[in-house]
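Novice: Here you go, one structure.
Where a number appears in this text, it was derived from the coordinates with a stated rule and is not lab data. Computed from a predicted structure; not experimentally measured. When we count neighbours, we look across all protein chains shown, and the Cβ atoms used for this are built from the backbone with ideal geometry, even at glycine.
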Amino acid sequence: MKKRVALRRAGLFGMLRAFRDAAMALPDGLVALDGERRIRWFNTAAGSMLNIQYPQDVGAALRDAVLIPGLDAWIGSGAAEPMADVTAPANAAIHLHLRLIPYAEDHALLLVRDISQARRVEKMRRDFVANVSHELRTPLTVVHGYLEMIEPEQIPEFETIIRELRSQSRRMTQIVEDLLTLSRLDAEEKLPKTRVAMVPMVVALQRDAEGLSQGRHTISTSIEGNADLQGSAKDLYSAFSNLVSNAVRYTPVGGLIRIVWHSDANGGQLRVTDTGHGIPEAHLPRLTERFYRVSTSRSRESGGTGLGLSIVKHVLQLHDAHLQIESEVGVGSTFTCVFGANRLLSPDSPDLPTEED
Ligand code: ADP
């Protein structure tokens, strides 16, 4: 009996050792934490990525042993969402992704992944798009400039061709400009914290809609609540005017377009509603992807680049906001930019500098 127990114990120890060796060999970092979020155990990868040492740091509180700004607050808030991109404590060139996985009663496993390579590849992709767009800009300006100098009426036999060339070069220029805007937004980490006055914003959007529509639609606006936004006026204007331009372009003659800025204690919403073609539900989740269009021909005919909603999504992300889309085919669509209360500025809050442009 004693012998059998000893044999079982040896077997269990062997299994445990095998488990620990396997965890030690993982390329991802693992840190086992107790209910007080003290370090109980960690593997080699976690040691080098988080700059913690064996045996000194075993038993230490994670927040004391691992010097990552915001780590303590993240753990304290329950860490339901991962810490998406943090700099490794001992090496600023290494970027980490942290996840906290609860197990047993109140224990947790901290999973640490080195995302430096993925970030490098992503940066290469971004730089490539930015460089190509930049390189295309000058030759396109030249081609476009010469085409604008030719009067199609003076060469009747080429009139149709010249008009088509002009329209295509205009489209290419717009695509390049939109790609450059996206690259700039991609690279942007911090936004200016300026007051974005919403009354003039709505007035400017209405003017844009009227200019694009040329009297073919009824355009109305409304302002509910008196808060302004905090962020980049230029980028927010670019996002909102993309929604307004879409509403005009995808709404047949005689339709209605409504622009509403609503703010209350819960936050703010900029809504653009139209009575246009509408969008089949299956397309809604993919609309903000680059170059995604429901109908390529309709988008092209109306001068679209397929990048507008992508720009909207990026700008909103930079403002901790998101886009909501409701649409019904043949009835119309509502695009809503939803901002948290922390992004609102009441008229009497201390004034921030407004953006020059
Ligand atoms: P585009 O330049 O093609 O308009 P966007 O990124 O702005 O590109 O929009 C993506 C697609 O979403 C459009 O091609 C169109 O099919 C659809 N879409 C956007 N806004 C509307 C709208 N207000 N009504 C109907 N369809 C829309």
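Novice: Taking the Cα centre of the range 2-114 as origin and charging only Cβ (+1 Lys, Arg; -1 Asp, Glu), how large is the dipole, in debye to the nearest 20? Can you show the working numbers first?
Specialist: Values: 13 positive and 12 negative charges, 210 e Å.
That gives the range 2-114 a dipole magnitude of about 1000 debye.
Novice: Once you've got the GNM for the chain with C-alpha springs shorter than 10 Å, pick whichever of M124, M15, M24 has the biggest mean-square fluctuation.
Specialist: Greatest mean-square fluctuation among the candidates belongs to M15.
Novice: Okay, moving on. Who wins for biggest fluctuation among G145, G78, G304 in a Gaussian network model of the chain, springs between alpha carbons below 10 Å?
Specialist: Result for the chain, Cα springs under 10 Å: G78 fluctuates most.
Novice: What value, in deg cm²/dmol to 500, does the helix sum -39500 (n - 2.57) over DSSP H runs of n ≥ 4 give at 222 nm once divided by the residues of the chain?
Specialist: Values: 10 runs with 154 residues, N = 357.
Calculated from helices alone, the mean residue ellipticity at 222 nm is -14000 deg cm²/dmol.
Novice: So if we plug the beta-carbon distance of N342 and A104 into 1/(1 + (r/R0)^6) with R0 = 35 Å, what FRET efficiency do we get, rounded to 0.05?
Specialist: 0.45
Novice: In nanometres, what is the gap between the two model label sites at R166 and Q214, each 7 Å from Cα along Cα-to-Cβ?
Specialist: 1.2 nm
Novice: Under a 10 Å cutoff between Cα atoms, tell me which one of E81, E135, E177 has the largest fluctuation in the Gaussian network model of the chain.
Specialist: E81
Novice: Can you list the lysines whose alpha carbon sits under 20 Å from that of K123, skipping same-chain ones fewer than 8 residues off?
Specialist: K190, K313
Novice: Residue farthest toward the positive end of the dipole of the range 194-345, with Cβ of Lys/Arg at +1 and Asp/Glu at -1: which of T194, T334, P252?
Specialist: Value computed over the given set: P252.
Novice: Mean separation of Cα pairs under 8 Å and 6+ residues apart, divided by the residue count of the range 118-187: what relative contact order is that in percent? Write out the running numbers ahead of the final one.
Specialist: Numbers: 35 pairs, mean separation 33.0, N = 70.
Relative contact order here is 47 percent.
Novice: Work out the length of the dipole vector of the range 118-187 about its Cα centre, built from +1 on the beta-carbon of each Lys and Arg and -1 on the beta-carbon of each Asp and Glu, and round it to the nearest 20 debye. Let's see the in-between values first.
Specialist: On the way: 11 positive and 12 negative charges, 141 e Å.
Result for the range 118-187 is approximately 680 debye, rounded to the nearest 20.
Novice: Would you give the gap between the C-alpha center of the range 259-337 and the C-alpha center of the range 1-43, rounded to a whole Å?
Specialist: Taking the Cα centre of each part, the range 259-337 and the range 1-43 sit 52 Å apart.
Novice: Counting each pair of different Cα atoms once, what's the Kirkwood radius of the range 2-114 in Å, rounded to one decimal?
Specialist: Working: mean 1/r = 0.0667 Å⁻¹.
Its Kirkwood hydrodynamic radius stands at 15.0 Å.
Novice: OK, next. Subtract the Cα-Cα distance of E122 and H322 from 0.36 nm times their separation in residues, and report this length gain in nm to one decimal. Show your work: numbers first, answer last.
Specialist: Details: separation 200, 0.36 × 200 = 72.00 nm, distance 2.26 nm.
Working it through step by step, the gained length comes to 69.7 nm.
Novice: Here is a further query. Provide T296, T44, T181 in ascending order of the number of other Cβ atoms located within 10 Å of each residue's Cβ, fewest first.
Specialist: With the fewest neighbours first, T296, T44, T181 line up as T296, T44, T181.
Novice: Based on the Cβ-Cβ distance from Q56 to A84, what FRET efficiency comes out when R0 is 25 Å, to the nearest 0.05?
Specialist: Working: r = 29 Å, r/R0 = 1.16.
With R0 = 25 Å, the Cβ-Cβ based efficiency is 0.30.
Novice: Put +1 on the Cβ of every Lys and Arg and -1 on every Asp and Glu Cβ in the chain; which of T218, L309, P82 then has its Cα farthest towards the positive end of the dipole?
Specialist: Of the options given, the answer is P82.
Novice: Zone of T44 (label point 7 Å along Cα→Cβ, backbone N under 12 Å): which residues in the range 13-29?
Specialist: 21-28
Novice: Could you list the square roots of 5 times each eigenvalue of the Cα gyration tensor of the chain, that is, the equivalent ellipsoid semi-axes, sorted largest first and rounded to whole Å? Intermediate values should be presented prior to the final figure.
Specialist: Details: eigenvalues 560, 133, 83 Å².
Semi-axes (√(5λ), whole Å): 53, 26, 20.
Novice: Moving on to the next point. Given the Cα atoms of the range 207-357, and with Rh set as the inverse mean 1/r over their pairs in the Kirkwood sense, what is Rg to Rh to two decimals? Before the final figure, lay out each step's value.
Specialist: Working: Rg = 15.5 Å, Rh = 16.0 Å.
Answer for the range 207-357: 0.97.
Novice: Under 8 Å for C-alpha pairs, at least 6 residues apart: give me the relative contact order for the chain, rounded to a whole percent. All intermediate terms of the calculation are to be shown ahead of the outcome.
Specialist: Values: 566 pairs, mean separation 43.3, N = 357.
For the chain, the relative contact order is 12 percent.
Novice: Given labels modelled 7 Å from the Cα in the Cβ direction, how far is it in nm from D21 to A197?
Specialist: So the two model labels end up 7.2 nm from each other.
Novice: Now for a different question. Could you give the nm distance between label points at R298 and R63, where each point is 7 Å from its Cα heading toward the beta carbon?
Specialist: Distance between the two pseudo-spin positions: 5.3 nm.
Novice: Note down the magnitude of the dipole of the chain about its Cα centre, charges +1 on Lys and Arg C-beta and -1 on Asp and Glu C-beta and zero elsewhere, to the nearest 20 debye. Display every interim value, and only then the final one.
Specialist: Numbers: 40 positive and 44 negative charges, 426 e Å.
Computed charge dipole of the chain: roughly 2040 debye.
Novice: From the P(r) of the range 296-347, could you give the percentage of C-alpha pairs in the tail past 14 Å? Could you put the intermediate results ahead of the total?
Specialist: Details: 877 of 1326 pairs.
Result: 66 percent of Cα pairs exceed 14 Å.
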